[in-house]
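Below is one structure, written out as structure tokens, with a few remarks after it.
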Amino acid sequence: MRRLHAWSRTLAARILWAALAIVTISVTIGSVLFATVASRANDNLATSQAAAIAVSTGSIPEVADLVAERDPGHALARIGETIRRRSGAAYVVIIGADGTRYSHPSPALIGQRIEEPVVALDGTVHLGIDSGSLGRSANARAPVLDAAGHPIGEVSVGILETEVASRFRQTVLTIVAYAALALGLGFAGSLLLARTIKRITFGLEPAEIVGLVQEREATLHGIREGVVALDRQGRVSLVNDEARRLTGALGLTTGQPLERALPPGRLRDVISGRISGLDVSVLNDDHLLVVNRMPVTVAGREIGTVSTIRDRTELEALIGQLREMESLTGALRAQQHEFSNRMHVITVLLELGEVEEARSYVEEVRATGAMTHDVRAQIASPAVTALLLAKRTLAVERGIGLDLTPASRLPRGLVDDTSMVTVLGNLLDNAIEAIGGRPRAAAGEVRQTGRILVDIQAEETAVRVEVSDSGPGVDPLARGLIFTDGYSTKMDAAAPAGRRGIGLALVRRIVTRLGGTIVVLENDTDGAAVPHDAVGGAVFRVVIPYRREELSR
């Protein structure tokens with residue numbers, strides 16, 4: 001009993017009972033209306049049949065003659081009975097103008113007068129329900145016409161209600177049969193509908209569905225991750241406010257095809273599945289995003305995909321600063337190690353009495369220190385100076401020469417140091433990776449495999465930075481793509497696919513935000529500062545406008 005009561009409260013049971021109630025009420029009302037109409041139709045049919053019999057009998061010349069002669073041989077009784085049997089009527093009564101019955105199913109009533117007046121003497125047919133001596137019947141009274149067409153009597157024909165009721169019962173049985181069939185079909189359809197809705201809603205009840213919707217809305221708009229869900233046709237089925245903010249598509253709504261919701265680009269390709277992978281990095285105008293796309297499977301059926309979008313702009317900036325700090329720390333560690341080695345060399349040379357060799361070695365070390373002092377004199381920004389020295393140390397470790405042109409100048413405060421460090425650091429890293437290089441073959445020996453030249457100029461309204469290398473250069477066909485988010489010429493299998501192609505795209509984003517430009521030039525382009533032994537190689541030129549407060553001075 002408890003199980004039945006619990007089932008009666010389920011969504012399927014509610015749908016089933018509601019549908020059955022609707023079908024039952026509809027069929028009942030329809031059956032009652034049809035029965036009423038059928039009853040009236042049977043009554044009308046019976047009166048019409050009675051009228052037809054009465055009119056036909058009254059039109060027989062022999063009947064008219066006998067009525068006019070007052071039926072001396074009592075032939076009308078025989079004629080009326082014959083017509084009654086053949087027509088199936090309950091009674092056929094031939095009446096004279098004075099109300100005398102000349103025929104009747106009951107012989108005792110023949111020759112007696114009727115109680116009511118002879119109404120058919122007006123020449124018309126009268127229809128109605130008559131409660132006569134044989135019972136309640138559908139009655140028709142038609143005039144008996146003589147040869148001149150004058151009414152001289154009437155013929156009263158009746159069909160008993162029992163006969164009409166018999167016809168009505170047959171009609172009702174047909175109605176009941178059709179009603180039962182309709183109820184059966186309604187029950188089967190209701191059960192099928194209930195099961196279909198149950199399957200579509202994955203067995204969830206209305207309260208559970210409402211709860212899920214409320215929880216979904218609260219969760220979607222409460223998390224700090226963007227969520228974009230697509231159905232199997234590629235239409236947006238779910239999106240939250242954070243996704244609109246991160247993608248910049250404030251008009252993104254459900255029901256839109258993804259091609260119309262987002263502009264062409266890497267972000268749309270990742271969400272649509274054209275680009276696959278985990279933690280795929282996407283760079284747009286305002287944010288560095290990490291996108292993950294996963295299929296959504298419910299009850300073993302894939303119903304679409306959901307993509308989560310995380311903002312890693314600040315985190316990536318912190319990671320970049322941390323990398324720069326690690327680079328600086330490594331450079332300082334290498335310089336400390338180099339300084340210790342030089343002190344050991346000088347100490348041993350003096351202990352061996354090689355004074356001239358020691359003096360020559362000290363002069364060489366001092367020349368190296370003077371080179372560091374020159375960089376500090378040319379570049380006023382401590383952060384940029386530290387970056388150049390750190391990258392020089394890293395390049396030397398790989399056997400690559402990294403020099404700053406003698407004419408380079410960068411006064412302090414003209415541009416944002418953090419942006420300059422990020423831009424210059426990425427360009428130098430790309431140049432070092434492009435050249436490659438090999439580690440030291442022996443202590444104190446470096447096989448130089450390439451050179452990098454940096455030229456920084458403070459012009460009238462902007463700072464121009466050029467980074468040239470003697471590497472293989474940039475393929476002319478790829479020059480229009482190297483600044484595209486996700487494009488990379490490196491085939492490093494150890495690096496995740498989603499992490500490639502971010503450096504130059506990030507540089508372009510920073511430079512563009514600052515109102516500047518970045519281009520890649522031919523190594524023999526006029527005006528480009530290049531290593532004197534460069535063959536091929538690439539030249540990246542960046543122009544960054546001064547800060548507004550510097551331009552207003």
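The values are calculated or read from the model by the stated rules, or taken from the named source; none is laboratory data. Because the structure is predicted, anything quoted here is derived from the model rather than measured. Glycine also receives a Cβ, built like all others from the backbone with ideal geometry; neighbour counts cover every protein chain displayed.
Table for the structure above
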quantity	calculated
Residue satisfying all of: in the stretch 415-455; surrounded by fewer than 19 Cβ atoms within 10 Å (Cβ to Cβ), acidic (Asp, Glu) and modelled with pLDDT of 75 or more; farthest from residue 509 (Cα to Cα) among these	433
Filtered residues of the stretch 246-264 (kept if closer than 18 Å to residue 287 by Cα and surrounded by 12 or more Cβ atoms within 10 Å (Cβ to Cβ))	246, 247, 248, 249, 252, 262, 263
So residue 19, is it touching a residue at least 12 places away in the same chain (Cβ under 8 Å), over 28 Å from residue 148 (Cβ atoms), surrounded by 15 or more Cβ atoms within 10 Å (Cβ to Cβ) and of a type in the set (A, V, I, L, M)	yes
Some residue of the stretch 45-68 being part of a helix (DSSP H, G or I), in contact with a helix residue (DSSP H, G or I) (Cβ under 9 Å, 6 or more places away or on another chain), modelled with pLDDT under 80 and surrounded by 14 or more Cβ atoms within 10 Å (Cβ to Cβ)	yes
Any chance residue 224 is at pLDDT 80 or above, among the charged types (D, E, K, R), touching a strand residue (DSSP E or B) at 6+ places or on another chain (Cβ under 9 Å) and outside any helix (DSSP H, G or I)	no
The lone exception for residue 278 - which of (1) loosely packed, with under 14 Cβ neighbours inside 10 Å; (2) at pLDDT below 80 it fails	(2)
Sole exception among (1) modelled with pLDDT under 80; (2) over 30 Å from residue 139 (Cα atoms); (3) surrounded by 12 or more Cβ atoms within 10 Å (Cβ to Cβ); (4) polar (S, T, N, Q) for residue 237, by number	(1)
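Here's the yes/no breakdown for (1) polar (S, T, N, Q); (2) in contact (Cβ under 8 Å) with a residue 60 or more places away in the chain; (3) within 16 Å of residue 143 (Cα to Cα):
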| site | (1), (2), (3) |
| --- | --- |
| 73 | no, no, no |
| 77 | no, no, no |
| 85 | no, no, no |
| 88 | no, yes, no |
| 93 | no, yes, yes |
| 100 | yes, no, yes |
| 105 | no, no, no |
| 114 | no, no, yes |
| 119 | no, no, yes |
